[in-house]
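Dropping a structure here in structure tokens format, bear with me for questions.
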Amino acid sequence: MVKKIFFVFLLFTVLVVPAFVLAQTGGNTGGDTGGNTGGPTGGNTGGDTTTIHFPNPISCGDVPCVINRIISLLYWIAIPVAVLMILYGGFKILVAGGDPKKFSDGKKIILYAVIGLAIVLISGGVVSIVKSILGVSS
């Protein structure tokens, strides 16, 4: 029960809290009533406009580039996780101490880690095949 509460708290912290941090605070945002950025009733900008530029974090301008970046990120995450899980499964087998249940758990961990890694590697090949069929350049 404590693990579930900790997991929910960790999930909340990672996913929800950044949304509040990135939220715009109230104040002088302009709009119909004016404000420091202007609007129909005036403002402090004197008619000048301010352009906000957001840098592209993945440096892509088209969909194939985004797909390649996602696959690359998937490789960067999945391969080390699979290696760690294989090592963890091997450790579970080593410390099983003759207990068939623990030995079986270690074998399952290794099997599922290898299957997951195979799925990740095959998915990259499938995307390449689909891109070549559709005639999309890399």
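The values are calculated or read from the model by the stated rules, or taken from the named source; none is laboratory data. Just so you know, these numbers come straight off a predicted model, no measurement behind them. Here Cβ is always computed from backbone atoms with ideal geometry, including for glycine, and neighbour counts include all displayed protein chains. Ligands, DNA and RNA are excluded from the accessible area calculation, which covers all protein heavy atoms including side chains. Shrake-Rupley method; radii C 1.70, N 1.55, O 1.52, S 1.80 Å.
List, in order, the whole-Hz ³J(HN,Hα) value for each residue of the range 103-115 obtained from phi through the Karplus relation with A = 6.51, B = -1.76, C = 1.60 and θ = phi - 60°; use x for Gly and Pro.
These are the phi-based 3J(HN,Hα) values: 4, 5, 4, x, 5, 5, 4, 5, 4, 5, 5, 5, 4 Hz.
Please list 3J(HN,Hα) in residue order for the range 86-98, calculated via the Karplus relation 6.51 cos²θ - 1.76 cosθ + 1.60 where θ = phi - 60°; whole Hz, with x for glycine and proline.
5, 5, 5, x, x, 5, 4, 5, 5, 9, 5, x, x
With every protein chain left in place and a probe of 1.4 Å, what is the accessible surface of residue 137, to the nearest 10 Å²?
Counting only protein heavy atoms, residue 137 exposes about 90 Å² to solvent.
What ³J(HN,Hα) values, in whole Hz, does the Karplus curve 6.51 cos²θ - 1.76 cosθ + 1.60 give for the range 51-60 when θ = phi - 60°, with x put for Gly and Pro?
9, 9, 10, 9, x, 7, x, 10, 6, 10
How far is it, in nm, from the label point at residue 66 to the one at residue 112 when both lie 7 Å from their Cα along the line to the Cβ?
Placing both labels 7 Å along Cα→Cβ, they lie 3.2 nm apart.
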